[in-house]
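Before any comments, here is the structure.
The values are calculated or read from the model by the stated rules, or taken from the named source; none is laboratory data. A quick note: this is a predicted structure, and the numbers were derived from the prediction, not measured. Glycine gets a Cβ as well: all are built from the backbone with ideal geometry, and neighbour counts include every protein chain shown.
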Amino acid sequence: MWCAYKRMATTLFIVFAATVARSFSADRPDPQRLPTQKHNRMLSVMTEGKDDVFVNMPGHFDVGSPSLSPDGKWIAFDALTIGERPVRESWLVGADGNGLRKIADGAAPRWSPDAGRVLITRQTVADGAAAPQPQSDIVERELADGREHRVCEGRFGDRSPDGKRIAFARGSPRIPKGGTRAASKIYIANADGTGPWDLGDGDWPSWAPDSKTVACCLYEALRAPTLWIIDVESKNRKKLGSGFYRAQWAGDGKSVVCNVLSLDDDGVPYRRDPGRFWLHQPLKPVIFHTDLDNPWSPCVSRDGKTMVLVVDSESRAGPSVAGKEESK
């Protein structure tokens, strides 16, 4: 008899739980992918001496802008929610694939030198405008307690490794093919966002380890986006090659990793691959050859032992050759 009552109670509990689950799922329908939302990208983490790690993002697509913490243990990145009104969110995950959690709404998270905070780009509405005018603000969020404050107007903020300054972009809201904005300029400001001054044309700034040089991408009309480095004091520029989206420095400061654009004889881009631009041999990028599914947006740890790429899936084309470099 007791066993019969126990089975009945278990059955009733399961029915009740299923009913509750259905009521919640009715309030929270599964996100629907629109025809234009083709990718369900994920992170691929390759660490020397360890198995590759894949970080999937259910309910999201267009994962991007990964950034490794100074100690190489954590990855900050952003992802776009699926649906009619997608929201760009910033996320955090361990390099081992554990500890995935949302940081805040916003894009392009970048680490503070002490790894305790991140800078996030967030869309806002300008105050005092006759009609609402969208703009981008850079906010800084404390990872320990979630407190945040506005730093300044701008996007893609990056703190210098010495913690004294911040680099960011301002300019045209139009994003042409290639992800780098036309009429965009790089600004340098004090650590608190005050006293900004114009460093010149460019987008997606990234500080070198010595806090003296900034890498950036430049949109050039009728030409492929290009990668440059700029001396902050002299404003002297050096072109590294055809590259786009966020460039990030290797730990030794001698090279920059970025999406490389391969050009045909007429200068028209026909392929893009993750690769490295060495400062001592500009215009001769080194491609990261890998069997991963559509890899791009590379970043590397300071010790050079971990590389993070954005991929479309865990599919592989053949035996792994991830991390092998070959000059173009």
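Which one is nearest to G243 (Cα to Cα), of the residues in region 184-199 that are of a type outside the set (G, A, S) and over 23 Å from the mean Cα position of the chain (by Cα)?
To start, the set of residues in region 184-199 that are of a type outside the set (G, A, S) comprises 185-188, 190, 192, 194, 196-199.
Checking which are over 23 Å from the mean Cα position of the chain (by Cα) leaves us with 190, 194, 196-198.
Numbers: N190: 28, T194: 30, P196: 26, W197: 25, D198: 22 Å.
Among those residues, the one meeting the criterion is D198.
If I ask for residues that are closer than 20 Å to Y245 by Cβ and of a type in the set (D, E), which ones from region 298-318 would you list?
Of everything in region 298-318, just one residue is closer than 20 Å to Y245 by Cβ and of a type in the set (D, E), namely D312.
Hey, can you tell me all the residues within region 137-168 that are small (G, A, S) and out of contact with any Asp or Glu (no Cβ under 6 Å at 6 or more places or on another chain)?
Listed by number, the residues that qualify are A144, G146, G154, G157, S160, G163.
I'm checking my understanding of the structure. Among residues of region 200-227 that are charged (D, E, K, R) and modelled with pLDDT under 90, which one is nearest to the chain's Cα centre (by Cα)?
Looking at the filtered set, the residue picked out is E220.
Suppose we keep only residues that are closer than 19 Å to M307 by Cα and of a type in the set (V, I, T) within region 250-270. Which one would you say is modelled with the lowest pLDDT?
V260
Do you know which residues across region 214-248 are surrounded by 15 or more Cβ atoms within 10 Å (Cβ to Cβ) and free of Cβ contacts under 8 Å to residues at least 24 places away in the same chain?
The answer is T226, and nothing else.
Go through region 249-268 residue by residue and tally those that are in contact (Cβ under 8 Å) with a residue 60 or more places away in the chain and more than 21 Å from V63 (Cα to Cα).
So the count comes out to 1.
Return the only residue of S206, S211 being touching a strand residue (DSSP E or B) at 6+ places or on another chain (Cβ under 8 Å), of a type in the set (S, T, N, Q) and in a strand (DSSP E or B). Give the derivation first.
On the way: S211 fails: in a strand (DSSP E or B).
Result of the check over S206, S211: S206.
Would you be able to tell me the number of residues in region 74-86 that are modelled with pLDDT of 95 or more and more than 17 Å from R122 (Cα to Cα)?
Result for region 74-86: 2.
Mind checking which residues of region 170-192 are in contact with a Lys or Arg (Cβ under 8 Å, 6 or more places away or on another chain), modelled with pLDDT of 95 or more and buried (at least 17 other Cβ atoms within 10 Å of the Cβ)?
Y187, I188, A189
Restricting attention to region 278-286, does a residue exist that is in contact (Cβ under 8 Å) with a residue 12 or more places away in the chain, touching a strand residue (DSSP E or B) at 6+ places or on another chain (Cβ under 6 Å), in a strand (DSSP E or B) and more than 14 Å from S44 (Cβ to Cβ)?
Among the residues of region 278-286, at least one is in contact (Cβ under 8 Å) with a residue 12 or more places away in the chain, touching a strand residue (DSSP E or B) at 6+ places or on another chain (Cβ under 6 Å), in a strand (DSSP E or B) and more than 14 Å from S44 (Cβ to Cβ), which makes the answer yes.
How many residues does region 249-278 contain that are under 14 Å from R302 (Cα atoms), surrounded by fewer than 16 Cβ atoms within 10 Å (Cβ to Cβ) and of a type in the set (S, T, Y)?
Summing the residues that are under 14 Å from R302 (Cα atoms), surrounded by fewer than 16 Cβ atoms within 10 Å (Cβ to Cβ) and of a type in the set (S, T, Y) in region 249-278 gives 0.
Which members of region 55-100 meet the condition of being basic (K, R) and crowded, with 20+ Cβ neighbours inside 10 Å?
Hit for region 55-100 is R88, nothing else.
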